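Comments concern the structure below.
The values are calculated or read from the model by the stated rules, or taken from the named source; none is laboratory data. In this text the structure is predicted, and so the values were computed from the model without any measurement. With ideal geometry, Cβ positions are generated from the backbone for all residues, glycine too; neighbour counts draw on all protein chains shown.
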Number of protein chains: 2
Amino acid sequence: MPEHESPIVTVDIVLLTLEDEQLKVTLMERTKEPFAGRLALPGGYVHTNTDQNGDDAARRIMTTKLGFAPSHMEQLETISGPTRDPRGWSVSIVYVALISREALASHSAIPLHLYPVAALPELAFDHNKIVRRAVERLRSKGTYSTLPCHLLPARFSIPQMHHVFELVLGVPLNRTSFTRKVSEMGILELAGKEPAAGRGRTAAQYRLKEEVSFFHRPLGDGM
Amino acid sequence: MPEHESPIVTVDIVLLTLEDEQLKVTLMERTKEPFAGRLALPGGYVHTNTDQNGDDAARRIMTTKLGFAPSHMEQLETISGPTRDPRGWSVSIVYVALISREALASHSAIPLHLYPVAALPELAFDHNKIVRRAVERLRSKGTYSTLPCHLLPARFSIPQMHHVFELVLGVPLNRTSFTRKVSEMGILELAGKEPAAGRGRTAAQYRLKEEVSFFHRPLGDGM
DNA sequence: CCAATAGTGTCTGTTAGACAGTATTGA
DNA sequence: TCAATACTGTCTAACAGACACTATTGG
């Protein structure tokens with residue numbers, strides 16, 4: 001009865017991490033047409049014979065292509081249209097995944113290629129636009145949630161967290177206010193001590209409380 | 001090459017409005033299997049021969065099933081899985097649309113059925129869950145954006161806006177602070193005067209400035 | 001002891017909440 | 001003139017920003 005073909009359905013993953021004080025995204029060189037030889041987001045078809053849902057497909061693709069499942073992953077948006085993929089009318093369910101550079105290095109069996117999101121070459125499909133939107137979302141959520149914490153290792157100090165928020169939001173954040181707010185808000189729990197850092201006093205280590213991942217008021221915006 | 005069938009791809013629309021001091025959702029009785037006779041969100045297949053993208057499909061479905069395109073519509077999320085639709089592995093791109101009760105009454109050619117979101121019967125597919133998520137999103141965005149304004153007519157007063165935000169967020173909001181913040185924030189522009197209301201002083205009428213639809217800081221949360 | 005970084009106390013300016021006052025409308 | 005609603009001024013409490021001071025570490 002439907003007078004139309006079924007669309008192609010794929011999942012694409014924007015895996016972000018911090019390296020050299022920059023947000024970077026994981027890209028892979030395409031080995032097949034279309035866009036063979038071009039850099040692209042890791043992605044693949046939804047497998048209706050095995051995947052239980054989109055999240056499941058995203059995890060499978062991460063594991064297959066990157067060698068691990070990320071600590072944090074959430075759906076960004078779904079992009080679709082007749083011309084974005086030369087193979088036909090396509091639907092791409094896009095996920096944003098965040099991971100610390102350390103976890104990425106230790107978990108991944110496959111050597112990954114990271115590119116600064118601020119200076120990307122021309123990517124396959126509409127992947128430049130997708131990366132831009134993912135970064136916008138991260139920045140936007142960074143003003144009222146703990147999302148950027150997933151760019152840090154599981155255990156981290158408040159100064160590290162402060163630094164990551166400044167990098168992600170791209171504005172300086174008042175150190176005193178940040179520390180006070182984060183401490184009083186009860187979103188962190190102590191996780192041992194003594195990381196034996198370099199110079200100066202060693203910072204207390206914390207871990208995100210599982211239940212809480214959102215602030216009541218923004219952290220960014222001139223703080 | 002893909003060892004899997006293509007999924008079914010549909011669009012579902014959560015059209016919300018305010019009536020009798022309550023958030024209500026537009027539902028339609030299904031005429032066909034599966035779930036014939038059950039209430040469901042308006043929705044339909046993506047038409048790959050005509051639709052230019054998901055938004056376009058959503059607009060087409062709105063126009064066909066409800067008789068008009070909504071003033072505000074945004075993508076909520078995409079839900080998928082092998083069992084949510086008995087016809088097979090399905091992908092549903094969900095949109096949230098907001099409209100004022102007045103605009104709904106005047107624009108819609110088709111008589112619509114509104115149901116309070118707080119007390120829904122058992123709906124077809126996973127539509128109860130979808131409505132719940134749409135309402136969560138509206139509430140959440142209501143704390144830091146002007147999204148709930150789209151439940152008002154294009155021209156509205158600050159007291160009306162205050163009332164809508166209280167209804168959506170479910171908490172009392174300080175009247176003085178709300179008025180002051182909204183006024184000083186420069187998100188509204190005067191739109192004539194004299195609506196000739198009932199009792200008491202008549203309120204000034206405003207319209208949302210097009211460019212700005214987000215606040216820098218939340219409106220809700222104990223304001 | 002010194003430099004460097006972490007954490008805290010306190011002052012100040014800004015902003016939200018409370019509340020009372022003024023303004024404008026219909027009855 | 002009165003009741004009802006819209007708006008505004010002002011006081012106060014809470015909180016963010018600035019900054020200095022203490023604490024802890026390595027050299």
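Structural remarks
- Residues of segment A:36-51 classified as at the interface with another protein chain (Cβ under 8 Å from one of its Cβ atoms) and surrounded by fewer than 17 Cβ atoms within 10 Å (Cβ to Cβ), total: 2
- Scan of segment A:1-29 for residues that are surrounded by fewer than 18 Cβ atoms within 10 Å (Cβ to Cβ) and either closer than 20 Å to A:Ala119 by Cβ or more than 14 Å from every other protein chain (Cβ to nearest Cβ) (or both), ordered by number: A:Glu19, A:Asp20, A:Glu21, A:Gln22, A:Met28, A:Glu29
- For segment A:127-179, the tally of residues that are among the β-branched types (Val, Ile, Thr), away from DNA strand C (no atom under 15 Å from the Cβ) and part of a helix (DSSP H, G or I) stands at 4.
- Within segment B:74-98, being away from every other protein chain (no Cβ under 11 Å) and surrounded by 19 or more Cβ atoms within 10 Å (Cβ to Cβ) holds for B:Asp85, B:Val96, B:Ala97, B:Leu98.
- Flag if B:Leu219 is modelled with pLDDT under 95 and touching a helix residue (DSSP H, G or I) at 6+ places or on another chain (Cβ under 7 Å): yes
- Taken together, A:Thr64, A:Thr17 contain a single residue that is of a type in the set (Ser, Thr, Tyr), part of a helix (DSSP H, G or I) and under 18 Å from the mean Cα position of the chain (by Cα), which is A:Thr64.
- Pair list, Cβ < 8 Å and 6+ apart or interchain, from segment B:112-126 residues that are under 16 Å from B:Leu15 (Cβ atoms) and surrounded by fewer than 16 Cβ atoms within 10 Å (Cβ to Cβ) to residues that are basic (Lys, Arg) and at pLDDT 95 or above: B:Pro116/B:Lys24
- Of the residues making up segment B:180-192, those that are within 14 Å of chain A (Cβ to nearest Cβ) and more than 7 Å from DNA strand C (Cβ to nearest atom) number 1.
- Failed item in (1) in contact (Cβ under 8 Å) with a residue 24 or more places away in the chain; (2) touching a helix residue (DSSP H, G or I) at 6+ places or on another chain (Cβ under 8 Å), with B:Arg30 passing the rest: (2)
- Any chance B:Ala109 is assigned to a loop (DSSP other than H, G, I, E, B), more than 16 Å from DNA strand C (Cβ to nearest atom), closer than 30 Å to B:Gly88 by Cα and not polar (S, T, N, Q): no
- Within segment B:52-73, considering residues that are surrounded by 18 or more Cβ atoms within 10 Å (Cβ to Cβ) and of a type in the set (A, V, I, L, M), the one farthest from the other protein chains (Cβ to nearest Cβ): B:Leu66
- Among the residues of segment A:160-184, those identified as surrounded by fewer than 15 Cβ atoms within 10 Å (Cβ to Cβ), touching a residue at least 24 places away in the same chain (Cβ under 8 Å) and within 14 Å of DNA strand D (Cβ to nearest atom) are A:Val171, A:Asn174, A:Ser177, A:Ser183.
- Considering A:Arg101, A:Arg87, the condition of being among the basic types (Lys, Arg) and within 30 Å of A:Phe178 (Cα to Cα) is satisfied by A:Arg101 alone.
- Residue among B:Glu211, B:Glu166 that alone is modelled with pLDDT of 95 or more and not basic (Lys, Arg): B:Glu166
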